[in-house]
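**Q** Before we start, here is the structure in question, set down as structure tokens.
Just so it is clear, none of the values below were taken in a lab; they were calculated from the coordinates. As the structure is a prediction and not an experimental result, all values here were calculated from the model. Because the Cβ atoms are built from the backbone with ideal geometry, glycine has one as well, and the counts that use them run over all protein chains shown.
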Amino acid sequence: MAIDLYLVWAVRSRRDVALAVLVSVAANVAGVLTAEPLTSVDTWVSAGLHAVFPLTLWRMHRPWVTAPAPAVADPVPAVSAPEIAPPAPAESWPDADLWADFDTAAEPVTPPSAEDVRSVITELGGQVTGAQLAVHYGVSDRTGRRYLALATT
């Protein structure tokens, strides 16, 4: 992968392009030749196919070969649009209800004790899920499952 990245860098920066292409071809071909027996025909075909990638990358990303720029037509004059009035300023920003979720005056919620959860389980019929406890206590399902685990341990 490092050799491939070196090849991409070399082609884009136009530095050491020939060396990078040769190193990449040699590494790809050597990888095939070390993995297969040299007497097999498909080994040499595979080595040739692995040499195609660096050459193709070099041919595709030659930044010094550029096509002529297309002719630019005269710009079309823009149609003037009606002016848009800026919005009226709000009375207060941010709105007062935005901060309602962050009210620090509310006391932190204390989780119920294991005995409290057990008594709720008996009130609800004995077979209770974490979701049912969550609805009862007004908490998330995950917290309801934690309460259930607290009561069963």
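**Q** Each label point is 7 Å from the Cα along the Cα-to-Cβ direction; what then is the distance between the points at Leu150 and Thr43, in nm?
**A** 7.0
**Q** Suppose each label sits 7 Å from its Cα in the direction of the beta carbon; what would the Thr110-Glu36 distance come out to in nanometres?
**A** With each label placed 7 Å out from Cα toward Cβ, I get 7.6 nm.
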